[in-house]
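Beneath this line is the structure, given in C-alpha cells, with notes to follow.
The values are calculated or read from the model by the stated rules, or taken from the named source; none is laboratory data. Model, not experiment: these values are computed from the prediction. Note: ideal-geometry Cβ built from the backbone for every residue, glycine included; neighbour counts use all protein chains shown.
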Amino acid sequence: MLRSVILAASRSSQVERLVATAPLTRDVVRRFVAGTGTDDALRATRELVADGLTVTLDNLGEDTVTPDQATATRDEYLALLEALAAAGLTPAAEVSVKLSALGQRFDEQLAYDNVRAICAAADQAGTTVTLDMEDHTTTDATLDTLVKLRKDHPSTGAVLQAYLRRTESDCRELAGVGSRVRLCKGAYAEPESVAYQSAREVDKSYVRCLNVLMSGAGYPMLATHDPRLIAIGEDRARWFDRGPDEFEFQMLYGIRPEEQARLAGEGYTVRTYLPYGEDWYGYLMRRLAERPANLVFFGRALASRK
Ligand SMILES: Cc1cc2nc3c(=O)[nH]c(=O)nc-3n(C[C@H](O)[C@H](O)[C@H](O)COP(=O)(O)OP(=O)(O)OC[C@H]3O[C@@H](n4cnc5c(N)ncnc54)[C@H](O)[C@@H]3O)c2cc1C
C-alpha cells in the first residue's frame, strides 16, 4: 500500500516540486546519488574503484519527451565515457542506460541510434553498456533493441526483472555464451496480469531465474541487497564453480555499503550502481518505495534542517 502511494507520488509533478524545494533534499539525495555533474560522477567512481569495487554509472533521467532532450542525454553519456577512459577508470566502470531517456517512448529509431552511439563510444573507451529495464510496457521493445545491438556490440548487458511472470523464460533465452544479464526483483508498480504481487512469489521467482542464469553459459549479474538471495548466489557460485570473473554481485550506491565491501573482500566481483545528474526525483522515490525505513531517514533529515 505504502509502496503504491510512493510510486504514485514519483509520477506527480506537484509532489516533485514540493520535495525538490524542501530544504532537506540535498543531503538525502547525496546518500543515493553521486552529485549532479560529470565531475561528481568521476570523483565517486574513483573512490569506489579505490575500495576494490567496480561501477556502473547511470545519468539520471527517464521519459524524455523531446528529441533535443534525448540527444542531450546521449551526449552526456558520450562525454562521460570519454572522461572515464581519460581518467583510467575503464573497464572498472561501465554505464547503464534507460532507453526512455534516449527517446524510446516517442521515436524508437531515435532511441536506437542514440544507444548505438553510446555502445560505440563504450567500445572505444574499452568498457560496456547495460540497458536498464523499465516498466513492462517496454520489455519487448528493450529486448528487441538488445538483440539488434548485440550484433555489433555483443557485450551489451540486459536486465531482467524477477517480478515479471515472463522472466524465467527470458532468462533461458538470454543464458547463452557471453550474455551479460543483470537479474533484479523489479522496481515498478506492475499489474497482477504480468507480475507476481507478493514478496514471497517474487523471491521464489528470483531464485528460479538465478538458477537458470548461474547454470547457463552467460555472465550473470545478481543485483539485490537481499541477504537471503545473496547467500543463495554465493552457494550457486560454489555449486557451479563460477570464479570472480564469471559472475558478479551488484548493489545500489548508498545501500548496504558494508555488505558490498564484505563481498569484495571475499574476492567476489561487486559492482555499485552509481546514479548522478540533475534529474534524481523518480530514482529517489523508487528507493523510498522499496524500503519504507528510508522514509524515516528522509523525515529525520527534513526535521534536522528546519
Ligand atoms: C545494481 C542494480 C540495478 C538495478 N536495475 C534495475 C533495473 O534496471 N530495473 C528495475 O526495475 N529495477 C532495477 N533495480 C532495482 C531492483 O529491481 C529492486 O527494486 C531493488 O534492488 C530492491 O530489491 P532488493 O533485491 O534489493 O530487495 P528488497 O526486497 O528491497 O529488500 C530485501 C532485503 O534486503 C535488505 N535491504 C534492502 N535495502 C536495504 C537497506 N537500505 N539497508 C539494509 N538492508 C537492506 C533487507 O534485509 C531487505 O529485507 C536495480 C537494483 C540494483 C541493485
Subset of the stretch 54-73, residues farther than 17 Å from Gly282 by Cα, surrounded by fewer than 23 Cβ atoms within 10 Å (Cβ to Cβ) and of a type outside the set (Asp, Glu), comes to Thr54, Thr66, Pro67, Thr71, Ala72
Does the stretch 102-116 include one or more residues that are charged (D, E, K, R), in contact with a Phe, Trp or Tyr (Cβ under 7 Å, 6 or more places away or on another chain) and either buried (at least 22 other Cβ atoms within 10 Å of the Cβ) or not in a helix (DSSP H, G or I) (or both)?
no
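Got at least one residue in the stretch 130-153 being of a type in the set (Gly, Ala, Ser), at pLDDT 95 or above and in contact with a Leu (Cβ under 6 Å, 6 or more places away or on another chain)? Steps first, please.
Restricting attention to the stretch 130-153, the residues satisfying the condition of being of a type in the set (Gly, Ala, Ser) are 141.
Narrowing the set further to residues that are at pLDDT 95 or above leaves 141.
Still in the list and also in contact with a Leu (Cβ under 6 Å, 6 or more places away or on another chain): none.
No, because not a single residue in the stretch 130-153 is of a type in the set (Gly, Ala, Ser), at pLDDT 95 or above and in contact with a Leu (Cβ under 6 Å, 6 or more places away or on another chain).
Quick one: count up the residues across the stretch 80-104 that are away from the ligand (no atom under 16 Å from the Cβ) and touching a residue at least 12 places away in the same chain (Cβ under 8 Å).
Qualifying residue count, the stretch 80-104: 11.
Would you pick out the residues in the stretch 261-287 that are more than 9 Å from the ligand (Cβ to nearest atom), within 24 Å of Met214 (Cβ to Cβ) and in contact with a Phe, Trp or Tyr (Cβ under 8 Å, 6 or more places away or on another chain)?
From the stretch 261-287, those more than 9 Å from the ligand (Cβ to nearest atom) are 261-270, 274-285; that's our starting set.
Adding the requirement that they be within 24 Å of Met214 (Cβ to Cβ) leaves 261-270.
Of everything in the stretch 261-287, those that are more than 9 Å from the ligand (Cβ to nearest atom), within 24 Å of Met214 (Cβ to Cβ) and in contact with a Phe, Trp or Tyr (Cβ under 8 Å, 6 or more places away or on another chain) turn out to be Leu263, Tyr268, Thr269, Val270.
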Is it the case that the stretch 85-100 has a residue that's surrounded by 17 or more Cβ atoms within 10 Å (Cβ to Cβ), within 30 Å of Ala293 (Cβ to Cβ) and modelled with pLDDT under 80? no
Flagged pairs (Cβ under 8 angstrom, 6 or more apart or on separate chains; first in the stretch 30-44, at positive phi; second outside any loop (DSSP other than H, G, I, E, B)) are Gly35/Ala41; Gly35/Arg43; Gly35/Ala44; Gly35/Tyr276
If you go through Ala158, Ala223, the only one that is more than 25 Å from Leu288 (Cβ to Cβ) and within 10 Å of the ligand (Cβ to nearest atom) is Ala158
Note on Arg228: of the conditions (1) in contact with a strand residue (DSSP E or B) (Cβ under 9 Å, 6 or more places away or on another chain); (2) within 15 Å of the ligand (Cβ to nearest atom), unmet is (1)
Residues of the stretch 227-253 being buried (at least 18 other Cβ atoms within 10 Å of the Cβ) and either assigned to a helix (DSSP H, G or I) or of a type in the set (Gly, Ala, Ser) (or both), in sequence order, are Leu229, Ile230, Ile232, Gly233, Arg236, Ala237
Condition set buried (at least 19 other Cβ atoms within 10 Å of the Cβ) and more than 16 Å from the chain's Cα centre (by Cα), scope the stretch 128-149, selection nearest to the ligand (Cβ to nearest atom): answer is Thr145
Scanning the stretch 183-217 residue by residue, those within 18 Å of Trp239 (Cβ to Cβ), surrounded by fewer than 18 Cβ atoms within 10 Å (Cβ to Cβ) and aliphatic (A, V, I, L, M) turn out to be Val207, Ala217
Sole miss for Leu48 among (1) closer than 19 Å to Arg286 by Cα; (2) surrounded by 14 or more Cβ atoms within 10 Å (Cβ to Cβ); (3) at pLDDT 70 or above is condition (1)
Residue hits (the stretch 173-184; under 13 Å from Pro220 (Cβ atoms) and among the charged types (D, E, K, R)) are Arg180, Arg182
Log entry, pairs with first residue in the stretch 183-204 being closer than 10 Å to Tyr163 by Cβ, second being away from the ligand (no atom under 11 Å from the Cβ) and among the basic types (Lys, Arg), beta carbons closer than 7 Å, six or more apart or on different chains, reads Val194/Arg165; Ala195/Arg165; Tyr196/Arg165
Here the residues within the stretch 254-271 that are of a type outside the set (D, E, K, R) and not in a helix (DSSP H, G or I) are Gly254, Ile255, Gly267, Tyr268, Thr269, Val270
Notebook entry, point to check: Given the structure, is Ala264 surrounded by fewer than 21 Cβ atoms within 10 Å (Cβ to Cβ) and in contact with a Gly (Cβ under 9 Å, 6 or more places away or on another chain)?
Noted result: yes
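Could you check the stretch 231-249 and list, in sequence order, the residues that are within 22 Å of Ala92 (Cα to Cα), out of contact with any Lys or Arg (no Cβ under 9 Å at 6 or more places or on another chain) and within 16 Å of the ligand (Cβ to nearest atom)? Let's see the steps before the verdict.
First pass over the stretch 231-249, keeping only residues within 22 Å of Ala92 (Cα to Cα): 233-234, 237, 242-249.
From the residues that got through so far, the ones that are out of contact with any Lys or Arg (no Cβ under 9 Å at 6 or more places or on another chain) too are 233-234, 237, 243-246.
Those that are within 22 Å of Ala92 (Cα to Cα), out of contact with any Lys or Arg (no Cβ under 9 Å at 6 or more places or on another chain) and within 16 Å of the ligand (Cβ to nearest atom): Gly233, Glu234.
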